[in-house]
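Asks: Here you go, one structure.
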Amino acid sequence: MTRSILTIPNMICPACVMHLEELEDELPGILFIKANYHKKRLEVEFDESRVSEQEIRQAVTDIGYEIAT
Amino acid sequence: MDNAILVAFITGLTAGGLSCFAVQGGLLSASIAQRIEETSPANIRRAAPGKKNAGRADASLQPGMIQPILLFMTAKLVAYTVMGFLLGWLGSLFTFSPTVQGAIQVAIGIFLVGNALRMLNVHPIFRYFSFEPPSGLRRYIRGVSKRNDTWITPLYLGALTVLIPCGVTQAMMAVAVGTGSPWLGAVIMFAFILGTSPTFIAVSWLVTSLGAMFQKYFYRVVTVIVLLLGLYGINAGLTLLGSPISASRVARAFQAEEVVEAVPPVTEPANVEALPLVTGQPLVEVEVVTATPAAPTSAAGSVARINVENNGYSPNLLALPANQPIELHLVTENTYSCARAFVIPELEIMQILPETGDTVVYIPAQPAGKTMEFMCSMGMYTGVFQFN
């Protein structure tokens with residue numbers, strides 16, 4: 001299991017939290033996902049044998065969010 | 001129509017509809033997603049900020065999507081009305097003094113202004129003005145939105161919106177508690193959600209049709225409206241608290257300077273006289289009747305009368321004799337506005353007046369030169385007593 005914390009600068013409202021957490025249903029191998037609007041962070045735990053961090057990053061940007069490097 | 005109900009409706013129609021959509025729009029999208037899939041091969045994409053094509057749907061709203069939207073909105077309306085009833089009932093368990101009511105109004109105003117500053121991204125601290133539903137609840141709602149039935153899912157999701165109220169809705173819920181009446185609380189929330197409905201549907205269409213272009217202006221409009229509502233709430237609360245910095249007091253301070261010269265000195269009181277007013281407003285008939293042996297039933301020294309009307313108090317500037325108690329008659333005649341909730345904060349007097357009738361309030365003797373404000377419990381309609 002791998003854990004990543006991504007900073008999402010353009011998470012502008014609490015609705016973004018639900019949008020981002022929907023990635024759990026769209027990507028395989030996500031074990032835990034939690035977005036935090038107050039900290040503008042997305043915390044993801046995933047099974048690397050099924051999904052890579054790069055794929056998760058791509059999915060986040062695909063739904064319109066930026067990821068701070 | 002009671003002004004508080006009208007304000008709730010207009011708040012819903014403007015800021016409420018837009019703000020609610022930001023939080024609950026995803027659920028509505030989920031409600032109509034299946035119907036969109038039936039009419040178009042592509043799925044609706046969720047609106048997200050910052051990306052040019054984000055939020056652009058591949059199918060705009062079509063007649064077939066009306067049914068789930070109506071089901072969603074109806075369930076939402078019923079759920080919030082029930083919640084308004086419960087909140088009003090909760091409020092009825094407590095007696096709010098004018099001071100507490102003022103403090104609640106100020107708190108609601110600060111909450112709205114904080115939300116506006118959050119939306120303007122002024123400082124990260126303002127993000128704490130927004131409440132997120134717990135993660136377990138978010139997961140549950142997400143699970144429901146994946147169900148594949150055209151009737152039950154929209155109804156259920158609409159009802160579930162009570163669990164994720166937006167900032168403006170949360171403020172309106174506080175207003176419902178403040179009414180202290182289950183039925184008025186229910187009506188306030190009904191009017192508010194009814195007001196949000198056309199905006200909610202219009203925004204759904206605009207977001208799905210215009211996408212990011214609409215999003216760009218969407219937040220600016222909401223922010224300005226939320227900011228104005230917040231400032232209005234703070235001012236109403238400050239008025240109730242008797243603060244010297246409320247807008248009505250500041251305005252009156254400027255008016256009073258102009259008036260002093262224009263007003264003739266107070267003459268000896270007669271049995272019935274129209275006393276001059278101390279501000280620049282036109283003279284109105286202030287009926288001040290000194291108590292005489294012919295009116296022994298009056299325990300007060302003088303009797304005054306205010307007509308409580310749907311659009312405020314008439315007169316709203318009364319010159320009263322100093323150093324003697326006043327028997328104040330508050331006369332209502334088919335009055336339905338919040339002016340019926342008459343408050344004199346300084347004396348901690350709050351009186352709910354009948355729709356039609358004559359209610360007496362006693363004001364103890366006040367020294368000459370003293371001014372005292374009166375108002376409705378929402379701080380919308382105000383007036384002043386001047387003791388001479």
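Asks: At a 10 Å Cβ-Cβ cut-off, how would you order B:Arg220, B:Arg340, fewest neighbours first?
Replies: B:Arg220, B:Arg340
Asks: For the ranges B:81-92, B:160-171, B:186-197, what's the packing order if you count other beta-carbon atoms within 10 Å of each residue, average per peptide, and put the highest first?
Replies: B:186-197, B:160-171, B:81-92
Asks: If you average 1/r over all unlike Cα pairs in region A:1-41 and invert the result, what Kirkwood radius do you get in angstrom?
Replies: 10.8
Asks: In 10 Å bins starting at zero, report the fraction of Cα pairs in region B:79-148 per bin as a rounded %.
Replies: It works out to 16, 24, 37, 20, 3, 0, in whole percents.
Asks: Then there's this: Would you tally the net charge around B:Phe126, using a Cβ to Cβ cut-off of less than 15 Å, leaving B:Phe126 out, and scoring K and R as +1, D and E as -1?
Replies: +3
Asks: Here's something else I'd like to know. Taking the Cβ of B:Ala116 as the centre, find all other residues whose Cβ is under 14 Å away and add up their charges (Lys, Arg: +1; Asp, Glu: -1).
Replies: Here the charged neighbours net out to +3.
Asks: If you don't mind, there's one more thing I want to ask. Stretched out fully, how many nm does the piece from B:Asn334 to B:Ile110 gain, at 0.36 nm a residue minus the Cα gap?
Replies: Here the segment from B:Asn334 to B:Ile110 would lengthen by 77.2 nm.
Asks: Would you kindly work out the equivalent ellipsoid of chain A from its C-alpha gyration tensor and give its semi-axes, the square roots of five times the eigenvalues, largest first in whole Å?
Replies: Working through the eigenvalues yields semi-axes of 18, 11, 11 Å.
Asks: Still on this structure: What residues of region A:37-59 lie in the reach of a label at A:Thr7, counting those whose backbone N is under 11 Å from a point 7 Å from the Cα along Cα→Cβ?
Replies: Flagged as within label range: A:40-41.
Asks: Here's something else I'd like to know. To the nearest whole number, what is the average tally of beta carbon atoms from other chains within 10 Å of the beta carbons of peptide A:5-17?
Replies: 6
Asks: To make sure I understand, if each residue's beta carbon is the centre and we count other beta carbons within 10 Å, what order do B:Ile108, B:Ile352, A:Ile63 fall in, fewest to most?
Replies: B:Ile352, A:Ile63, B:Ile108
Asks: Report the FRET efficiency, 1/(1 + (r/R0)^6), for B:Leu137 and B:Ala368, where r is their Cβ-Cβ distance and R0 is 60 Å, rounded to 0.05.
Replies: Result of the calculation: an efficiency of 0.50.
Asks: Further question on the same structure: Give me B:Lys370, B:Lys76, A:Lys40 ranked fewest to most by other Cβ atoms within 10 Å of their Cβ, as a rough exposure proxy.
Replies: Ordered by Cβ neighbours within 10 Å, fewest first: B:Lys370, A:Lys40, B:Lys76.
Asks: Something else now. Give me a single rounded figure for B:127-135: the average over its residues of other chain Cβ atoms within 10 Å of their Cβ.
Replies: Per-residue shielding by partner chains comes out at 4.
Asks: Can you give the mean number of other chain Cβ atoms that lie within 10 Å of the Cβ atoms in peptide B:110-121?
Replies: Mean shielding count: 1.
Just so you know, all these numbers are worked out from the coordinates, no wet-lab data involved. Please read these numbers as outputs of a predicted model, since none were measured by experiment. As a convention, Cβ positions derive from the backbone with ideal geometry for all residues, glycine included, and neighbour counts pool all protein chains shown.
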